[in-house]
């Protein structure tokens, strides 16, 4: 899915838009959207997770080095509600440790449930429709990652902390990712000056 806004970056979604998009997708894709958002994971990282990559006790996801852009394994905490929904999804589909959580379920395939990861092209198709239905312009699957990282910054996490979650190699590349509100920045700066 192309990044279509003028700056070449996928649109940053509000928390409400993330929830609306996820709730307007079929269950599998809605869960995938929530996991992309709460883990700040790339679509390829999330579509290729297996049941064994989810630690329900510690509420962590392990993104294996074979799926990450940096070729390094990383662990990320995930919202407890999403982990509970994933547990229910796994149980209701009777998935085993080595099964893909987000599997292809096409009738035109020789693979059994859980044996083959859903394709990123399939994810793109569903998400494009959801963005269109909800009037979201310039968004892509990457919007979930970019939005989460931006929301973390807005909630007060510093760049180094965000880098630990995102898996970016450098702070410079991470900074280009983040969306900032110029007016909000100016207001914070004015408050600093008022205190001096």
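No lab work stands behind these numbers, since they all come straight from the coordinates. Just so it is clear, the model here is predicted, and its values are computed rather than measured.
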Given the -39500 (n - 2.57) contribution per DSSP H run of 4+ residues, what per-residue ellipticity at 222 nm results for the chain, rounded to the nearest 500 deg cm²/dmol?
-14500 deg cm²/dmol
Most fluctuating of 150, 109, 62 in the GNM of the chain (C-alpha, under 10 Å) is 109
Pairs of alpha carbons in the chain whose separation is greater than 25 Å (percent):
38 percent
Using a 10 angstrom cutoff on alpha carbons, build the Gaussian network for the chain and name the most mobile of 91, 24, 53.
91
Computed Rg/Rh for region 56-148 (Cα atoms; Rh = Kirkwood radius) stands at 0.98
Rg(Cα) / (2.2 N^0.38 Å) computed for region 119-179, rounded to two decimals:
1.30
Working from Cα positions, state the angle (0 to 90°, nearest 10) between the long axis of helix 80-92 and the longest principal axis of the chain.
10 degrees
Please give the helix 182-194 orientation as an angle from the longest Cα principal axis of the chain, in degrees from 0 to 90, rounded to the nearest 10.
40 degrees
Taking the chain as a Gaussian network, where each spring joins two C-alpha atoms under 10 Å apart, which residue of 131, 103, 56 fluctuates the most?
56
Volume per residue that the Cα convex hull of region 88-196 spans, once the total is divided by residue count, Å³:
185 Å³
